[in-house]
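Take a look at the structure below.
The values are calculated or read from the model by the stated rules, or taken from the named source; none is laboratory data. Worth saying up front: this structure is predicted, and the values here are computed from it rather than measured. Positions of Cβ are generated from backbone atoms using ideal geometry, with glycine treated the same way; all protein chains shown enter the neighbour counts. Protein only, heavy atoms only, side chains kept; ligands, DNA and RNA dropped before computing areas. Shrake-Rupley method; radii C 1.70, N 1.55, O 1.52, S 1.80 Å.
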Amino acid sequence: MAIKNGLPVSIKLATKVTQHGETQDFYFDISGQIVNIGDTLYIRYQELQPDGVEVPVTIKIMPDGAVQLTRSGEMRLKLKFVYRETVKTSYRTPYGEMLFGTYTRNLRVSLKDRPTSGKIFVEYDLFMADELVGNYQIDLDFTA
């Protein structure tokens with residue numbers, strides 16, 4: 001998959017958020033692009049917030065199988081997912097920085113060349129100062 005300048009992709013994204021015993025499901029059908037730099041694949045798209053603001057999102061698939069999700073904009077969040085490991089990170093807001101940790105329960109990445117497509121599934125627990133915030137799932141399919 002030698003994609004240097006970016007290839008347009010169709011993205012189907014389903015997320016599930018479980019906090020305080022309540023679950024919410026979100027579905028997005030969006031356009032984005034994939035870029036391959038060296039052995040690393042980047043999936044980029046704009047996530048539309050309820051207030052109408054678009055937030056740039058990048059999902060980085062690393063050669064070692066780890067996945068990193070970065071949400072840019074006024075509030076910057078970078079989450080790294082490594083199967084069955086806890087990874088510490090920070091969330092930069094206009095009010096300061098907050099420390100978080102993710103424990104990745106499940107991580108699957110499947111990529112195909114013809115046609116260029118793939119599937120990423122991540123299930124993780126999110127912690128703030130060692131307190132469980134909730135359980136999250138990301139299910140992303142892309143096709144060029």
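Look through V109, V122, V133 and report the one residue that is in contact with a Leu (Cβ under 6 Å, 6 or more places away or on another chain), open to solvent by 30 Å² or more (accessible area, probe 1.4 Å) and either farther than 27 Å from V35 by Cα or in a strand (DSSP E or B) (or both).
On the way: V109 fails: in contact with a Leu (Cβ under 6 Å, 6 or more places away or on another chain); V122 fails: open to solvent by 30 Å² or more (accessible area, probe 1.4 Å).
Sole residue among the options that is in contact with a Leu (Cβ under 6 Å, 6 or more places away or on another chain), open to solvent by 30 Å² or more (accessible area, probe 1.4 Å) and either farther than 27 Å from V35 by Cα or in a strand (DSSP E or B) (or both): V133.
Here's a check for you: in the range 9-49, which residue that is farther than 25 Å from R76 by Cβ and at pLDDT 95 or above is least open to solvent (accessible area, probe 1.4 Å)?
The extreme case among them is S10.
Restricting to the range 68-78, and then to whatever is open to solvent by less than 60 Å² (accessible area, probe 1.4 Å) and in a loop (DSSP other than H, G, I, E, B), can you tell me which residue is modelled with the highest pLDDT?
It comes out as S72.
I need a count of the residues in the range 102-133 that are within 15 Å of F81 (Cβ to Cβ) and in contact (Cβ under 8 Å) with a residue 60 or more places away in the chain.
Total meeting the criteria: 1.
Quick check on my filter: what residues within the range 52-67 are open to solvent by less than 60 Å² (accessible area, probe 1.4 Å) and either in contact with a strand residue (DSSP E or B) (Cβ under 8 Å, 6 or more places away or on another chain) or of a type in the set (D, E) (or both)? Explain how you work it out, then say what you get.
Narrowing the range 52-67 to residues open to solvent by less than 60 Å² (accessible area, probe 1.4 Å): 52, 55-62, 65-67.
Result: V55, P56, V57, T58, I59, K60, I61, M62, G65, A66, V67.
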